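Notes follow the structure.
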Amino acid sequence: MDTIVVNHIAKSFGETKAVKDVSFNVHPGEIFGLLGPNGSGKTTSIRVILDIYQPDKGNVSILDGPMTEEKLNHIGYLPEERGLYQDVELTRNLTYLATLKNMTKEEIDQKLPVWLERFDLSEHQKKKTKELSKGMQQKAQLIAALIHEPDIIIIDEPFSALDPVNTQLVKDLLMELRDQGKTIIMSTHQMNQVEKLCDRLVLIDHGTVLLEGSLKEVQERFATNQVLIQTDSILPESLPGVQSIEQEGLYYRLTPTDGSKPHMILQQLIDQKISLNSFEIARPTLDEIFIKVVKEGRNSNEEDN
């Protein structure tokens, strides 16, 4: 059974159509990427899922039915905008937010010190929020979203303001929660983190779905016959079966001619005694796919208009 099913939702604010037609489903025990450029409809979709907004049409199923107050207690939400009280000390902030999720004082006293220690915030727990760095505030916000051990976790830009050490800490935590069977929706502009973490993804723009599938399916859909090689040899100006050779940092990108396959290019390189440190079929990055799909979608919209 899917944990979340979003079925053809639409939401407008006056003349602005924030979401036109968005559908996707999220499975238990997966990290699902909700992607799109600024203003694409991601945050509105999240707020519809959380029952903050009522859709103009379509519906959302959470845990096999509509949202209820009880189900809200099983959801952890990390908004992109920080929601901590700036003039209140950290432990009071987190204690109050935990009580909103029906946690008892005994549960909070037991779990909060563990989370503070895990996020290296123990020595800062008596500081007011405004006295904390942006990275510390982000970690505190994550604690607020996770302390009640939710079954569904929705996180918007989880790596914002985090240094590489804390980014890895959060990545490890998200993978740990996924392995526990939690359902995680992650919205972020950091495509490299999506590639490392997400099992499946949906890309939306102008309130409609442009792309959906597993990371492997998406990359295969946009795959080419281009190859990347590393070599200490000097490459000839041209190779049989190769249309162009472009240097990209430590790599060379070889684009084959029509009908030429990667294994044919490899044989040509071997025949010409070119030493190879690496040879791989070039997979497009999510950044490249993201840009390509969004541009094509916007060009299509302009033609339709």
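Could you tell me the calculated FRET efficiency between residue 224 and residue 70, based on Cβ-Cβ distance and R0 = 45 angstrom, to the nearest 0.05? Spell out each step's value before the answer.
Values: r = 49 Å, r/R0 = 1.10.
Step by step, r from the Cβ atoms, then E = 0.35.
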*asked:* If you average the C-alpha positions of the stretch 1-50 and of the stretch 227-241 separately, how far apart do those two centres end up, in angstrom?
replied: 45 Å
*Listed highest first by mean packing, meaning other Cβ atoms within 10 Å per residue, what order do 243-252, 84-93, 154-163 come in?*
154-163, 84-93, 243-252
*Taking amide hydrogens as modeled 1.01 Å from N in the peptide plane, which residues meet the under 5 Å criterion relative to residue 205, leaving out close sequence neighbours?*
210
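How much length would be gained if the chain were fully extended between residue 128 and residue 27, taking 0.36 nm per residue of separation minus their Cα-Cα distance, in nm to one decimal? Working shown, then result.
On the way: separation 101, 0.36 × 101 = 36.36 nm, distance 3.82 nm.
This chain segment gains 32.5 nm when fully extended.
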_Relative contact order (%) - the chain, alpha-carbon pairs under 8 angstrom, separation at least six_ = 20 percent
*asked:* List the lysines whose Cα sits under 29 Å from the Cα of residue 292, skipping any in the same chain fewer than 8 residues away.
replied: 11, 17, 20, 42, 171, 196, 216, 261
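For the chain, give the magnitude of the charge dipole about the Cα centre (Cβ charges: +1 Lys/Arg, -1 Asp/Glu; no others), in debye to the nearest 20. Show your work: numbers first, answer last.
Working: 33 positive and 47 negative charges, 93 e Å.
In total the dipole reaches around 440 debye.
FRET efficiency for residue 281 and residue 1, Cβ-Cβ distance as r, R0 = 35 Å, nearest 0.05? Present the calculation step by step, with values, prior to reporting the outcome.
Numbers: r = 37 Å, r/R0 = 1.06.
E between residue 281 and residue 1, to the nearest 0.05, is 0.40.
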_Sequence gap at least 6, Cα distance under 8 Å: using those rules, report the relative contact order of the stretch 200-280 to the nearest whole percent._
30 percent
*As a check on your grasp of the helix formula, calculate [θ] at 222 nm for the chain: sum -39500 (n - 2.57) over DSSP H runs of n ≥ 4, divide by the residue count, round to the nearest 500.*
-10500 deg cm²/dmol
_Label-zone membership for the stretch 255-286, site residue 246, 7 angstrom Cα→C-beta point, backbone N under 15 Å_ = 255-257, 282-285
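What is the fewest-to-most order of 30, 296 by other Cβ atoms lying within 10 Å of their Cβ? Don't skip to the answer; put the middle values down first.
Numbers: 30 18, 296 11.
In increasing order of surrounding Cβ atoms, one gets 296, 30.
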*Which distance in Å, rounded to a whole number, links the C-alpha centroids of the stretch 140-202 and the stretch 59-85?*
16 Å
*Fraction of antiparallel bridges per DSSP, the chain only, in percent to nearest 5*: 65 percent
*Between the helical axis of 105-118 and the dominant principal axis of the chain, each derived from Cα atoms, what acute angle in degrees is found, rounded to the nearest 10?*
30 degrees
*asked:* Projecting each Cα onto the charge dipole of the chain (Lys/Arg +1, Asp/Glu -1 at the beta carbon, about the Cα centre), which of 225, 122, 211 comes out farthest on the positive side?
replied: 122
*Pull up the cross-link candidates among the aspartates and glutamates for residue 295, meaning alpha carbon to alpha carbon under 17 Å and not fewer than 8 places away within one chain.*
205, 212, 287, 303, 304
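Values quoted throughout were computed directly from the atomic coordinates according to the rules given, and no laboratory measurement underlies them. Nothing here was measured: the structure is a model prediction, and the numbers come from that model. We place every Cβ from the backbone using ideal geometry, glycine too, and count neighbours over all the protein chains shown.
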